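Quick notes on the structure that follows.
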Amino acid sequence: SGAQLVLARPGGHQDSGYLVQTVKQQEITILQLVPSMLRVLLEEDGLAECVRLRRVYCGGELLSKELQERFFALLPEVELHNLYGPTEVSIDATHWQCQAAVTVGVVPIGRPLTKMQVYVLDQQLQLVPVGVAGEIYIGGAGLARGYQGRAELTAERFIPHPYSRELGARLYRSGDVGRYLETGVLEYLGRVDDQVKVRGCRIELGEVETTLRSHEEVAEAVVLLREDRLGNQQLVAYIVAREADAALSSNRLRAYLSRHLPDYMIPGSFVPLQRMPRTLNGKIDRHALPPPNPEFEELTGEAGTPTEELLTGIWSQLLGIERVGTLNDFFELGGHSLLATQIVSRVREVFNVELPLRAFFESPTVSAMATIIDSLRQTTGVTQVSNIQPTLRSGPLPLSLAQERLWLFHQLEVDSVAYNAPTSIRLRGNLNQTVFERSINEIVRRHEVLRTHFACVNEEPVQIIVPELTIKLPSIDLRESSQTLSAAKALRMIIEDLQQPFDLTKGPLWRGSLLQIADDEFILMLTLHHIIGDAWSTDVFIRELATFYEDFCAGNLPSLPALPVQYGDYAVWEREWLKRGMPAEQLSYWQRQLAGAPPLLTLRPGQARPAVQSYQGAHQKFLIAAEVEEGLKNLSRQEGVTLFMTLLAGFQTLLHFYSGQDDIVVGTDVANRSRAEVEGVIGFFVNQLVLRTDLSGGPTWRELLGRVREVALGAYAHQDVPFDKLVEVLNPARNLSYAPLFQVKLVLRNKQSEERRIGDLEWEMVEVETGTAQFDLVINMMSTAAGLTGIVEYNTGLFDAAWINRMLGHYQLLLSEVVAQPEIRLSHLQELLASADKQQQVVQETKLVEMSLNKLRTAKRREILEMVDA
């Protein structure tokens with residue numbers, strides 16, 4: 001007899017027992033149903049007895065890897081097919097035949113059916129690269145004409161086909177998110193509606209869910225954006241384990257996600273469920289998912305002493321997590337050296353003792369740290385530490401040592417722009433310029449340093465603070481026929497402004513303008529002299545600008561509390577601290593550490609240096625891929641060092657190879673905000689540390705990491721000595737052609753805040769080429785979603801772009817090699833770099849030969865043609 005179509009009775013699609021009996025009794029050979037119902041059917045005892053079943057089609061929901069595995073375990077002889085397609089394309093668009101042996105992270109939705117086209121496009125309807133998520137658009141023979149009686153919705157969803165020459169061809173905008181794999185197979189990731197924004201970063205919830213489902217212990221996963229008890233938004237993951245009653249580890253899940261996703265896409269909370277709540281039609285009921293369960297967070301150890309209780313509160317506040325276990329590792333919770341210095345400051349306030357920064361590396365848990373604090377209090381008593389206090393403004397205030405250095409430099413080169421610091425911010429949205437200007441003036445009122453200039457009194461430089469200052473923010477309309485043209489014009493203005501020197505005797509020592517480049521797009525152009533600010537100050541400025549703008553837009557008074565001290569108070573405190581001889585032990589350390597250090601690092605032996613530093617410079621960007629960064633982080637954890645220490649070891653190794661010197665001295669920046677009073681103060685606080693490492697004796701990479709660790713920890717423990725005081729005490733031989741103590745720097749900056757909003761405005765930094773270089777060579781690095789991004793600032797009187805590119809190539813190759821071979825010796829590393837150079841040279845020579853041959857062939861061809869013509 002011919003094939004028959006069997007339909008379930010009314011309501012029978014919700015009764016799994018009835019469905020199994022029907023499949024068995026009616027000898028069904030082909031079955032179509034949604035994955036959630038297939039999951040239920042697989043739990044029925046009688047399904048394995050449906051011996052005539054040959055093929056099962058699934059569609060309408062995501063088909064998980066775990067469900068596929070369960071299907072083939074129970075029905076190994078039955079085919080399983082995954083279908084995808086909305087009703088508007090009548091009704092399937094793609095097909096994938098599942099394979100029992102394939103253990104990919106997610107079951108694909110396959111390839112387009114015959115006469116169907118499926119594209120993955122971005123918001124500009126451009127094809128996205130392989131592996132990148134985008135919206136799924138469908139075209140072809142199955143496409144519907146539209147929605148009856150709903151012309152507006154039809155126009156929105158059925159768009160002209162940008163990749164077809166057929167007249168009137170259209171694409172259906174599905175609202176689904178997917179990506180093509182290198183094999184040409186399509187993966188479904190979720191809905192565009194599931195896209196959320198957390199602290200300025202756009203996140204596809206479906207992509208997070210897909211990655212979670214690919215974990216071998218996870219059967220189902222749903223991710224939502226929810227508010228915590230403090231009103232902050234966070235991602236919450238709901239998970240069902242593959243094995244009943246299995247204890248899923250939140251730490252393991254986080255670690256797994258961190259290998260596949262950027263940090264901002266990793267959920268803050270994980271909620272284990274026995275099963276997902278479902279609607280009547282069998283789909284997951286997201287509205288029924290419970291709030292996060294804080295007990296699931298894998299926080300090991302409860303506070304058992306008052307010291308531990310206080311410490312967990314300090315860690316929780318600064319790490320930005322609600323609860324901290326006394327046995328959790330500081331660095332695994334997201335801690336880094338800057339946070340460590342802030343915790344040292346809080347410990348000083350709360351316990352009145354000086355906690356060594358080394359403690360974070362040797363005892364990185366609350367429990368171990370509490371033991372150290374208790375021991376300090378018992379054996380040495382309470383150590384009195386001088387706090388920064390407000391100073392009476394009875395007369396001019398002194399400069400800090402760092403300010404004094406820039407003041408003296410300014411006297412030598414009045415028109416120099418070497419210390420002009422640009423901050424340009426692109427703003428998108430409906431900007432209220434009046435409120436924006438008022439917000440900036442509130443920052444000026446709040447921070448004295450923005451109202452400060454300098455003068456000489458009795459031949460000594462002093463700070464002159466203007467009591468009141470109201471600025472008028474110039475608004476310049478740069479709108480052109482194209483936004484690209486406008487942006488280019490704005491960039492020229494920023495560079496021109498950057499080349500205008502400041503007169504330090506006249507304030508303010510910063511200037512700003514608002515450049516309008518489109519109806520809803522502006523650039524806030526700020527230039528300040530380094531003598532009144534640093535990179536941390538820029539973050540403070542932007543954070544306060546966002547707060548005041550939101551306050552004033554809402555009609556509220558400023559919500560920030562008054563600052564406990566001003567920069568001038570810090571300058572007075574620093575001078576008094578030095579007079580009391582507080583850094584005597586620290587100075588002794590530096591005198592021992594830098595005794596006999598080489599005064600100059602020559603990276604191009606034989607090259608003559610200019611007689612005087614020109615400060616002319618250029619910048620070059622580079623990227624260390626995310627997988628290499630992850631390897632470096634893992635290696636750092638294994639060796640008990642920070643990521644910065646690992647990058648420093650690699651950089652000093654490279655400098656060792658280039659210079660031929662074993663004694664390598666490199667500088668780095670520290671925020672110098674170790675006291676809580678100044679954390680929110682704008683000013684020039686940044687200090688420089690000198691890191692001297694001995695690379696002699698042909699050490700292995702692992703041995704070198706140990707040397708670098710001791711050098712860095714020693715420097716951190718004695719970082720309170722101002723760099724300018726160090727230069728004064730050590731008194732190295734001065735030379736106008738290079739900087740004292742070090743000429744090369746490496747700086748790893750902390751990851752910037754993911755918050756990218758000022759009220760209703762979105763913002764981002766505008767990168768500017770300053771054209772200056774304060775040192776021979778400076779590498780600035782930062783961890784981003786793409787990996788470690790870096791900018792090299794170099795002196796163009798010493799290096800050219802080709803040399804810098806070669807050096808960066810060596811640095812990246814070196815870091816990749818040490819991740820793979822931590823026991824490798826430096827001599828072998830040098831051989832690898834030399835070999836890479838030779839290979840590159842062969843490639844270049846081959847290209848030159850090919851170019852020469854092509855020229856000869858062209859000439860010969862021309863000669864033959866001329867003979868024929870003749």
For the stretch 242-266, pairs from a residue that is among the polar types (S, T, N, Q) to a residue that is in a loop (DSSP other than H, G, I, E, B) and at pLDDT 75 or above, with Cβ under 6 Å and 6 or more apart or across chains, are none
Exception for residue 29 within (1) of a type outside the set (A, V, I, L, M); (2) open to solvent by less than 20 Å² (accessible area, probe 1.4 Å); (3) more than 51 Å from the chain's Cα centre (by Cα); (4) modelled with pLDDT of 90 or more falls at (2)
Checked the stretch 585-615 for anything surrounded by fewer than 14 Cβ atoms within 10 Å (Cβ to Cβ) and aliphatic (A, V, I, L, M); matches are 595, 608, 611, 612
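Answer with yes or no whether residue 678 is under 30 Å from residue 401 (Cα atoms) and of a type in the set (A, V, I, L, M, F, W, C).
Details: under 30 Å from residue 401 (Cα atoms): yes; of a type in the set (A, V, I, L, M, F, W, C): yes.
When the stated conditions are applied, residue 678 passes them.
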Q.
It is to be established whether one or more residues within the stretch 98-118 are open to solvent by 20 Å² or more (accessible area, probe 1.4 Å), in contact with a helix residue (DSSP H, G or I) (Cβ under 9 Å, 6 or more places away or on another chain), under 29 Å from residue 160 (Cα atoms) and at pLDDT 85 or above.
A. yes
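List the strands (runs of 3 or more DSSP E) that sit entirely inside the stretch 151-241 and contain at least 1 residues that are at pLDDT 85 or above. Quick ask: steps written out before the conclusion?
Details: elements: 158-160, 170-180, 186-191, 195-198, 201-204, 218-227, 233-241.
Those strands (runs of 3 or more DSSP E) span 158-160, 170-180, 186-191, 218-227, 233-241.
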Within the stretch 546-580, the residues that are assigned to a loop (DSSP other than H, G, I, E, B) and touching a Lys or Arg at 6+ places or on another chain (Cβ under 7 Å) are 563
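Restricting the stretch 289-300 to residues that are modelled with pLDDT of 65 or more and surrounded by 15 or more Cβ atoms within 10 Å (Cβ to Cβ), which is farthest from the chain's Cα centre (by Cα)? First the steps, then the outcome.
Step one: filter the stretch 289-300 for residues modelled with pLDDT of 65 or more, giving 289-292.
So of that shortlist, the ones also surrounded by 15 or more Cβ atoms within 10 Å (Cβ to Cβ) come out as 289, 292.
Numbers: 289: 30, 292: 26 Å.
Applying the filter and picking the extreme gives 289.
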Note to self: Against the definition (under 22 Å from residue 275 (Cβ atoms), among the charged types (D, E, K, R) and part of a loop (DSSP other than H, G, I, E, B)), how does residue 77 come out, yes or no?
What the structure shows: no
Checked pairs for the stretch 125-145, first in contact (Cβ under 8 Å) with a residue 12 or more places away in the chain and on the phi > 0 side of the Ramachandran plot, second part of a loop (DSSP other than H, G, I, E, B) and open to solvent by 30 Å² or more (accessible area, probe 1.4 Å), C-beta under 6 Å and 6 or more apart or across chains, list as 125/162; 140/115
Note: among 618, 625, just one is over 16 Å from residue 701 (Cα atoms) and exposed (fewer than 15 other Cβ atoms within 10 Å of the Cβ), namely 625
Given (1) over 37 Å from the mean Cα position of the chain (by Cα); (2) surrounded by 16 or more Cβ atoms within 10 Å (Cβ to Cβ); (3) among the aliphatic types (A, V, I, L, M); (4) not in a helix (DSSP H, G or I), residue 5 misses just (2)
Exception for residue 329 within (1) at pLDDT 70 or above; (2) assigned to a loop (DSSP other than H, G, I, E, B); (3) among the charged types (D, E, K, R); (4) over 28 Å from residue 645 (Cα atoms) falls at (4)
From the option list 647, 643, 587, single residue qualifying as under 28 Å from residue 720 (Cα atoms), at pLDDT 90 or above and among the hydrophobic types (A, V, I, L, M, F, W, C) is 647
Worksheet entry | residue 43 vs. criteria part of a loop (DSSP other than H, G, I, E, B), of a type outside the set (Lys, Arg) and open to solvent by 60 Å² or more (accessible area, probe 1.4 Å) | yes
When residue 482 is run through (1) of a type in the set (S, T, N, Q); (2) open to solvent by 30 Å² or more (accessible area, probe 1.4 Å); (3) modelled with pLDDT of 90 or more; (4) out of contact with any Asp or Glu (no Cβ under 9 Å at 6 or more places or on another chain), the failure sits at (3)
Residue hits (the stretch 499-545; over 23 Å from residue 567 (Cβ atoms) and in a strand (DSSP E or B)) are 513, 514, 515, 516, 517, 518, 521, 522, 523, 525
Across (1) over 25 Å from residue 559 (Cβ atoms); (2) outside any strand (DSSP E or B); (3) open to solvent by 20 Å² or more (accessible area, probe 1.4 Å); (4) in contact (Cβ under 8 Å) with a residue 40 or more places away in the chain, residue 455 clears everything bar (2)
Taking the stretch 243-257 and keeping residues surrounded by fewer than 18 Cβ atoms within 10 Å (Cβ to Cβ) and over 16 Å from residue 210 (Cα atoms) leaves 243, 244, 245, 246, 247, 249, 251, 252
Of the residues in the stretch 797-822 that are touching a residue at least 24 places away in the same chain (Cβ under 8 Å), part of a loop (DSSP other than H, G, I, E, B) and over 26 Å from the mean Cα position of the chain (by Cα), the one that is farthest from residue 643 (Cα to Cα) is 797
Considering residues that are among the hydroxyl-bearing types (Ser, Thr, Tyr) and surrounded by fewer than 19 Cβ atoms within 10 Å (Cβ to Cβ), the number found within the stretch 485-512 is 1
Across (1) touching a Leu at 6+ places or on another chain (Cβ under 7 Å); (2) crowded, with 16+ Cβ neighbours inside 10 Å, residue 66 clears everything bar (1)
Restricting the stretch 258-275 to residues that are assigned to a loop (DSSP other than H, G, I, E, B) and within 17 Å of residue 208 (Cα to Cα), the one nearest to the chain's Cα centre (by Cα) turns out to be 262
Among (1) within 24 Å of residue 543 (Cβ to Cβ); (2) modelled with pLDDT under 95; (3) touching a helix residue (DSSP H, G or I) at 6+ places or on another chain (Cβ under 7 Å); (4) not polar (S, T, N, Q), residue 682 falls short only on (2)
If we keep only residues of the stretch 345-386 that are open to solvent by 10 Å² or more (accessible area, probe 1.4 Å), modelled with pLDDT of 75 or more and aliphatic (A, V, I, L, M), then the residue farthest from residue 564 (Cα to Cα) is 368
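The values are calculated or read from the model by the stated rules, or taken from the named source; none is laboratory data. The shown structure was predicted, so the numbers you read here are calculated from the model rather than taken from an experiment. Here Cβ is always computed from backbone atoms with ideal geometry, including for glycine, and neighbour counts include all displayed protein chains. Side chains included, ligands, DNA and RNA excluded: accessible areas come from the protein's heavy atoms. Shrake-Rupley method; radii C 1.70, N 1.55, O 1.52, S 1.80 Å.
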